[in-house]
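Engineer: One structure, as structure tokens, below. Some questions next.
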Amino acid sequence: MISSVLRRLAAAVALAALALAAPTPAVATPSASPVVAGDPSAAATITWRLERAANPTADQLDAYNRITSAMNAAVARYNNLSGGLGKSITVRYDPSVPTADGNINGTIRFGANRSYMSERTALHEIAHTIGVGTSAGWSRLGGGGTWTGAQATALVRQYDGSGAVLSTGGGHFWPYGLNYDNEWSTTNADRHVRIVAAMVADGL
């Protein structure tokens, strides 16, 4: 009887010892990563969303697909090259719009003409949402027919020579404004984004 009790007591002690000796899983405490000045991951970005009909027609679905492709390409180019411009954009498909338009309130509308559902158009309209042709800074720095901001002027001279200027009119700029399809090239698209970013730095 006593030996049976002793055996059970010894077993209980052995189990307790094993439990105390077993390794305890480590729990990592999340630590906040410091934000480093100039770190691209800390920079503002352009984001966008497409307003969609609850039960889209075939026409709407086709437009949504084309607009999504164009906007994804344009936003990626801006976020890669603009140095941290930030804007939240809402995009709509509106067949009543003749081509496309962009507003400083952050809206872009694409009309029914499929030829305007392109990256070139999306880049151009994003520039309007940022302030090209739509902001007080645009009126102040570009209202006289030539952009007078130092940074964008220096950049176009780097591209096109010491006498180059950025012309302005009708809410648009050139060269590199991507106002028409015949202005499209990947080089011009990259320069467009960098010039818009320089205009923002100038006070757009």
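Engineer: Only one of these is free of Cβ contacts under 8 Å to residues at least 24 places away in the same chain and of a type in the set (V, I, T): T146, T121, T134, T129. Name it.
Structural biologist: Only one candidate qualifies: T146.
Engineer: Could you figure out which of (1) hydroxyl-bearing (S, T, Y); (2) in contact (Cβ under 8 Å) with a residue 40 or more places away in the chain; (3) in contact with a strand residue (DSSP E or B) (Cβ under 6 Å, 6 or more places away or on another chain) isn't true of Y116?
Structural biologist: (2)
Engineer: Quick check: is even one residue across the range 67-77 surrounded by 17 or more Cβ atoms within 10 Å (Cβ to Cβ), of a type outside the set (F, W, Y) and farther than 19 Å from D190 by Cβ? I'd like the intermediate steps shown before the answer.
Structural biologist: Residues of the range 67-77 that are surrounded by 17 or more Cβ atoms within 10 Å (Cβ to Cβ), as a first pass: 67, 70-71, 74-75, 77.
From the residues that got through so far, the ones that are of a type outside the set (F, W, Y) too are 67, 70-71, 74-75, 77.
Now restrict to residues that are farther than 19 Å from D190 by Cβ: 67.
Looking for residues that are surrounded by 17 or more Cβ atoms within 10 Å (Cβ to Cβ), of a type outside the set (F, W, Y) and farther than 19 Å from D190 by Cβ, one finds at least one in the range 67-77, hence yes.
Engineer: Wholly within the range 92-204, which helices (runs of 4 or more DSSP H) include no fewer than the required count, namely at least 2 residues that are open to solvent by 30 Å² or more (accessible area, probe 1.4 Å), closer than 23 Å to N80 by Cβ and not hydrophobic (A, V, I, L, M, F, W, C)?
Structural biologist: Details: elements: 119-130, 136-142, 150-160, 186-202.
Ranges flagged: 150-160, 186-202.
The values are calculated or read from the model by the stated rules, or taken from the named source; none is laboratory data. These numbers come from a predicted model, not from an experiment. All Cβ positions, glycine included, derive from the backbone under ideal geometry; neighbour counts span all protein chains shown. The area values use the complete protein model at the heavy-atom level, side chains included, leaving out ligands, DNA and RNA. Shrake-Rupley method; radii C 1.70, N 1.55, O 1.52, S 1.80 Å.
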